[in-house]
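First the structure, in the form of structure tokens, and then the observations on it.
Just so it is clear, none of the values below were taken in a lab; they were calculated from the coordinates. Since this is a predicted model, take the numbers as computed values, not measurements. Don't worry about glycine lacking a Cβ; one is built from the backbone with ideal geometry, like all the others, and counts go over all protein chains shown.
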Amino acid sequence: MAHQETRVTCTHDCPDACSAIVSVDASGRAVDIRADPSHPITGRHLCVKVDRYLERVYSPDRVMTPLRRTGPKGEGRFEPITWDDALDEIASRWQQIIETHGAEAILPYSYLGSMGMLDAFGTCDALFNRLGATLLDRSICGPQGFAVTFGAGVQWSDPENLPDAETIVVWGMDPVSTSIHTWELIRRARKHNHAKLVVIDPYRSRTAAYADIHLRPHAGTDGALALAMGHVILRDELADDEFIARHTTDIDDYRTAVADWTPERAAEETGLSVAEIVEFAHLYATARPAAIRYGVGMQRSAGSGSALRAIQCLPALTGQQRWAAGGISNAVSIGAFNLDSISRPDFTLDGTRSVNMIQLGRTLTDADLDPPIRALHVWNSNPAVIAADQQKVLEGLRRDDLFTVVHYQFLTDTARHADIVLPATTMLEHADLVGSWGFSYISWNEAAIKPVGESRSNAEVARLLASRLGLDDELFKLDDHQLMELALTDSAAAGEGITPETLRQDGFARVGPSSGEPVGPDFMFAFSAEGLASAGIHPVAQYRPPANVPTPDGSFPLRLLTLKRHHSINSSYTSLPVFLGAEPETLCEIHPDDAEPRGINDGDHVRVVNGLGEMECVASLTEKVTPGTVTVPFGRGQGQHRSAGANSLTSDLLGDIADGPTFCDNLVEVGPLS
Ligand SMILES: Nc1nc2c(c(=O)[nH]1)N[C@H]1C(S)=C(S)[C@@H](COP(=O)(O)OP(=O)(O)OC[C@H]3O[C@@H](n4cnc5c(=O)[nH]c(N)nc54)[C@H](O)[C@@H]3O)O[C@H]1N2
Ligand SMILES: Nc1nc2c(c(=O)[nH]1)N[C@H]1C(S)=C(S)[C@@H](COP(=O)(O)OP(=O)(O)OC[C@H]3O[C@@H](n4cnc5c(=O)[nH]c(N)nc54)[C@H](O)[C@@H]3O)O[C@H]1N2
Ligand SMILES: [Mo]
């Protein structure tokens, strides 16, 4: 019998939001997943992970039923229970906690483990808003990139224009691993337009290995480079005076801001040479046009918000936006949905407190927090692995007076600390809407197969819990398709004529202005932006150094990068064959010049340590890092480690803008494991 084919959309936290075709056999089992070539971004390829997505769906490690903990927290001993028992227990524990401590003693914790709109921005939020639970500030992933655009007149260039650029600057991003369809557009520019690729990254990433020019500033010093580029461009009269006069304000403030940023000063700060800085500034200013694609990778230091602001001044200074392909290349389509209609921020009571997700460890272990967190409900995120200051997070999760519920597909390190685990569906098992944070398309994800085991979607869990808790809002009675309709009603997408029927039928749709136009006559960029000042951001570009810089008498002399992996996404996939086959060892990459004086040879077992924690790794001696910088991989759980993970070495310090993280702004020492 012929296989049935269903079009799904990948809901991983990735800019690409790929469209894929799933074949299902007569028994209802998915037997193949492949790229949907009719999607303009997805084209012919899925990434290495989703290409093997069925390994994930049918993994023997899937959580199949609700579970109740039977051993100590963290040990991972559970017994299966029914959904009814699980829901009854959760509802009665929460009710008790609300009566004794108030609803703010409940903390919902989630991120974009699924970027389905119902999954990530849906009725789970509405449920906790209605209860009056503590709010979560979800700033773990590059919030600066959006915050610096407010009030500054930034207008992005659609990434689909990248093939027309003459020079492409990939700044702190590794698209060969993290957005293969952005890489495809860059590849096309190089192949058909002989575009030059400049990669700015302290590490020789897979993308950097392809670069024509690879600039390697110390992590967190990008702002110094960007300001020095401005200095050189003005000094050498490479600015586009006509564009500046017509389309910008306050150039004199910018002139003053960059006056002291000589290439010599920036060279000292960044570790680049003066010649590298000057040549790059000239290349950038004279390209017709140059596109900058910055990533989240460069947004993990204390001063990276300020760095982004400095970078965003460069296109206006050089008139790159005269061309559709010039400027800052970026797009986000999530705003096309009416998410407030399903997440209901209006349910929130005025004055409800908020805690930052990066600081979960601090929050759970803070003896002065009033009320203390007594219940934690986790979905779509794996904080035991991904949040900063891992020792503190684990200490908090081990608290016996904390009632923890985790809704997942796998028994992750966070789930091993849960009182109750609920099994979650994957993207093949439930319908949802999908937005993108890298391209201008929205999509429909249709369920291709029935839920595996007894797993249920996030929206279903919200419905079940709301009903147990006696919340009678109509919203909690809507089924998934009705919620999807609601999120499209009175939305920007609806304003463009997109309906649930057309989206379901077509699978995806482009939203927003057409991509092929440069900025219009009304475009104005503010070199001094009061709008930014009101958000706590300096109105004129300035430099903020990293929080942690090695000093001659400091005990931790090496800068640490905690890096994402090609074969996993964050902590997901790290227990699956696709990842473990490619990365059997946890490697610490160290330059031979740093290894030699420490008596470390390639393949030695080493300890990476700082004042927060330590991690055991195998040393890999390599020039992918410069002297003074080492890497450890991010994302593995303790199940796949000899020891704790990368975040045992990262502090929960928040960055300068929008409370971003500082995962790549930490110092360590590395030594042989005795
Ligand atoms: N395969 C895979 N794909 C993914 C993910 C994954 O884990 N694996 N995660 C997804 C998620 S959640 C995100 S946010 C995106 C992120 O994807 P990207 O935006 O590409 O960011 P990263 O891969 O974290 O980092 C990119 C590069 O930034 C460099 N970097 C670190 N600090 C600095 C700095 O201070 N300055 C500069 N110039 N460079 C720096 C790192 O060395 C790294 O090579 O990828 C998504 N896609
Ligand atoms: N040191 C260091 N730390 C980092 C980073 C780094 O580069 N270095 N990157 C940071 C960044 S950019 C990000 S975005 C975060 C990412 O961190 P997370 O958002 O926590 O991402 P994952 O580790 O993939 O965890 C997602 C979890 O969601 C679950 N999940 C997936 N789909 C569903 C669903 O439909 N329903 C439910 N209920 N659960 C589901 C999966 O089982 C998985 O356990 O990590 C951050 N932490
Ligand atoms: Mo992220």
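Descriptive notes on the structure:
- Along its three principal directions, the equivalent ellipsoid of segment 474-542 from the Cα gyration tensor extends over semi-axes of 37, 20, 9 Å, largest first.
- Normalising the average separation of contacting C-alpha pairs (under 8 angstrom, six or more residues apart) by the number of residues puts the relative contact order of the chain at 21 percent.
- From least to most packed, judged by other beta carbons within 10 angstrom and beginning with the fewest, Phe121, Phe146 follow the order Phe146, Phe121.
- Convex hull projection area averaged over all views, segment 558-672, Cα basis, nm²: 7.2 nm²
- Were the residues from Ser38 through Asp137 laid out at 0.36 nm apart, the gain over their Cα-Cα distance would be 31.9 nm.
- For segment 157-330, convex hull volume per residue from C-alpha positions, Å³: 99 Å³
- Taking the centroid of alpha carbons for each part, segment 622-674 and segment 129-151 are 24 Å apart.
- In terms of packing, defined here as the mean over residues of other Cβ atoms within 10 angstrom, the peptides 310-316, 72-78 line up highest first as 310-316, 72-78.
- Per-selection Kirkwood Rh - segment 4-57 (Cα, Å, 1 d.p.): 11.3 Å
- Contour minus Cα-Cα distance for Ser354 and Lys564 (0.36 nm per residue): 72.8 nm
- Amide H contacts of Thr248 (H built 1.01 Å from N, in plane; Pro and chain starts excluded): Phe525 sit under 5 Å, all sequence-distant by 5 or more or on other chains.
- Computed from point charges on the beta carbon alone (+1 for Lys and Arg, -1 for Asp and Glu), the dipole magnitude for segment 157-330 about its Cα centre is near 680 Debye.
- Given charges at Cβ of Lys, Arg, Asp, Glu: the chain dipole, positive-most of Trp323, Leu576, Ile106: Leu576
- Descending semi-axes in whole angstrom, ellipsoid equivalent of segment 151-212, from the Cα gyration tensor: 18, 16, 11
- For the listed peptides 575-588, 459-472, a ranking on the average number of other beta carbons within 10 Å per residue, highest first, reads 459-472, 575-588.
- Inter-centroid distance (Cα atoms) of segment 368-409 relative to segment 44-85, Å: 19 Å
- Over the residues of the chain, the helix contribution to mean residue ellipticity at 222 nm works out to -8000 deg cm²/dmol, using -39500 (n - 2.57) for each DSSP H run of at least 4.
- Averaging Cα coordinates gives a centre for segment 152-220 and one for segment 446-514; these two points are 35 Å apart.
- Each residue of segment 335-349 is assigned a 3J(HN,Hα), and the resulting list reads x, 6, 8, 8, 6, 4, 5, 10, 9, 6, x, 5, 5, 5, 7 Hz, derived from the Karplus form 6.51 cos²θ - 1.76 cosθ + 1.60 (θ = phi - 60°), x at Gly and Pro.
- Short-range pairs are left out: with C-alpha atoms under 8 Å and at least six residues apart, the relative contact order of segment 558-672 is 37 percent.
- Mean projected area of the Cα convex hull of segment 354-439, taken over all directions, amounts to 7.0 nm².
- Peptides 211-217, 398-404 ordered by average Cβ neighbours within 10 Å, highest first: 211-217, 398-404
- For segment 7-164, a crude dipole built from +1 on the beta carbon of Lys and Arg and -1 on the beta carbon of Asp and Glu, taken about the Cα centre, is about 300 debye to the nearest 20.
- Only Lys, Arg (+1) and Asp, Glu (-1) charged, at Cβ; the chain dipole about Cα centre in debye: 1220 debye
- Extension gain for Trp156 to Ser555 (0.36 nm times residue separation, less C-alpha to C-alpha distance): 139.4 nm.
- Geometric extent, Cα atoms of the chain - Rg, Dmax (angstrom): 24.7, 73
- Only one residue of Leu469, Phe280, Gln638 has its Cα farthest out toward the positive end of the dipole of the chain, where Lys and Arg carry +1 and Asp and Glu -1 on Cβ, and that residue is Gln638.
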